[in-house]
Structure formats: C-alpha cells, structure tokens
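The values are calculated or read from the model by the stated rules, or taken from the named source; none is laboratory data. All values reported here derive from a predicted model rather than from experimental measurement. Because the Cβ atoms are built from the backbone with ideal geometry, glycine has one as well, and the counts that use them run over all protein chains shown.
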Amino acid sequence: MRLIKISEFMDQRSEDIAGIREGVEAAGERLAEIHLTAQANQRKTEIQAAQNQSELILSIEGYQGKIEDHFSRVERDEQSKRSANCIRIELTRITEKLKEKILQWLQTTDPSSNHNRACTSHKPGTGDWFTKGQSYRTWLAKPNSFFWLNGKAGCGKTVLSSTIIEDTNLHCDENEGCVMAYFYFSFTDSAKQKSENMLSSLLVQLSSQVDITPNSLVSLHRTYERSTPPIDPLKSCIQTLMDELPFSNVYLIVDAIDEIPHPDGREEACKVLHELSQNPKAHVLMTSRREHDITEYISDCNNVTDTSIQNPEVDHDIQLYIRQRLKEDKKLNRWAALHSEIEDVLGRKADGM
C-alpha cells in the first residue's frame, strides 16, 4: 500500500517537473526571442545612427561647400573692387595728365603778373565807390549782362579792375557755383594784345576750376594740337563750358581793351566779349578808354551798362590816394604843415587822373 502511494507521488511529481521544464524551456525561448529582438533593435538603432551620422556629415560638407563658395565669391568681389579701384586711379592719373598737357598748350600768356602789379598800387578805400555801388551789385546778380567801365588814360582803370577782380573773386568764394576768369591787355606785351590769347587764358582759368577734363577741351586740343586755335573755336569752347559744366554764374573781367594796337583788333575783342555776355550764365565786364572805334561798336550793342570813371566818386579816390602818399613819403614830411593845401590843389587839378 505504501509502495502504491509512493508510486503515485512520484508520478505526480514527474508531471510537475515536466510542467516546470516546459515552463523553463518556454521562458528560455522567450528570453532568447527578447534577446534576439533587442539585438535586432540595437542593430537597427546602430544602422539608423550610422545613417543619421552620414547624413549629418554630408549636410555639413554641403554647407561647408556653400560657405567656401560664398567666401570665394566675396574674395573675387574684393579682387574686382581692388582691380576697379586701381583702374579708376590710373584713369584719373591719365586724365589729369592729359588735362595738364592741354592747359599748358593753351596757356600762351599769364595775366596774373599784371594783376599782382595793379594790386600793389591799390590804396585802401579806393575803388569802394564802385565795388559798393548799386551798378556793380546789379552786375554781380544779373547774368547775361555786359558792363563797360571807361575813362581817360591814367585815371586808374587798371587798378580799379584789380579791385573789382579781387571783390568778385571773394564773391565767388562765398557763393557756390560761381566762377571767375580775367585778362589784362597791355601795350608793353605783344602776347597780351590778341583776342585769341585772351580767350585761351579765360578758358584755362575756367577749366582749372573743375575736376574733370571737359570733352570740348579735349576735342579742341585734338583738332589744333600742332597749331594755335583760332578765335571762333576758342569762343565756342568757352560757351560749351558755360553750358555744360555745373556753373550757375560765370564772371569774365577784361581790362584795357584800348591797349590792343589796331582798331580791328579792338572791335574783334569787343565783339567776342559781347557774344560771350549773351550766355545765360555770363557776367562780362570790360574796361577801356572811350576810343572812337570802341564807343561806336558798343553803341550798337544791346543791354550794355556804360559807366564812366570820371565822376565825383573818383575824385574821392584821388583825395584818398594823395593823402596816403603824403603820409607815406618821408621826403614830404617836411611839408606836413602844407599837406592839406597840397591835397586840395592836387585833387582839384587831377581831373580824374
């Protein structure tokens, strides 16, 4: 009986053990599956990570390429800018050299020597009657104007011209777009007795007051490089400069037309100046004696302001000049008691001279 119970117990335990074994085996298989799944997932993760890393590297390399291209373009642009700047500098140098060559070719005579000499003869206060007068102020303000200042020989026209030039130059310095040029005719210098030399000098002075080299100036030089340009092309060039360059007012002052030796030459100079005065930017002022041929030509011109230097205001200038000379001349100091009488007598007998 005991053996039967033991046998039954063993059979029951065998069934339990078999169930346990099956459970363990099933669990092992499940663990194996889990492990394989984990390994597969890890592999996938590693593959995905590798793919992501590759894509990231490619992306970085792509951006690096773009960055390098950008800097390459920038570098090329900088090189282009430097090249363009070098070309610009070289062109400026060539243009300036050409302009200098043209101006030297045109500069047949220099009126500054006459001007400086006249300025040294000027006494303070003399000429104020004109430079502070309404006629001169109107001429400064009104373009397309022609002013003829005239008087007898020795009345101080040239000194007055230098005063007008200085005052007009100051006006130009104080007012943007205003430029001035001047010329002195002279008995003592044959080069200063020709209208073409006057025009060349005016052209040089006007061209020197702009940075560019005007095309009209280059064309004039190209046409007459081996000769002297005649009056009409010179006049046309000045007209073109006044029309095309950024000038609002152009002041042209010419002294001593009467010192051109021949009547034909004087008439030619008057004609040229009158034609230039017709430009809407031009203010022309000339001085001379009242020679018959000059008076005759001017009388036929329109819109000319005719002003004589023989007037009471000039007598005041003469008084100032005599007083200054008496004060400065050491030899006359011994006659100090007679200075007033000397001043009075000389002033009355000067007759505007």
Of the conditions (1) at pLDDT 95 or above; (2) assigned to a helix (DSSP H, G or I); (3) touching a Cys at 6+ places or on another chain (Cβ under 9 Å), the single one that Val250 does not satisfy is (2)
Please go through segment 266-309 and give me each residue that is small (Gly, Ala, Ser) and surrounded by fewer than 17 Cβ atoms within 10 Å (Cβ to Cβ), ordered by number.
Ser299, Ser308
From the residues in segment 102-150 that are farther than 27 Å from Tyr297 by Cα, of a type in the set (Ser, Thr, Tyr) and out of contact with any helix residue (DSSP H, G or I) (no Cβ under 6 Å at 6 or more places or on another chain), which one is modelled with the lowest pLDDT?
Thr120
Of those in segment 125-158 that are among the aliphatic types (A, V, I, L, M) and over 32 Å from the mean Cα position of the chain (by Cα), the residue nearest to Asp173 (Cα to Cα) is Leu149
Could you list, ordered by first residue, the pairs with Cβ atoms under 6 Å in which the first is in segment 215-241 and in the same structural domain as Ser201 (by TED's automatic domain parsing) and hydroxyl-bearing (Ser, Thr, Tyr) and the second is at pLDDT 95 or above and in a helix (DSSP H, G or I), at least 6 apart or interchain?
Ser216/Cys237; Ser216/Thr240
Is it the case that Val159 is buried (at least 20 other Cβ atoms within 10 Å of the Cβ) and in contact with a strand residue (DSSP E or B) (Cβ under 9 Å, 6 or more places away or on another chain)?
no
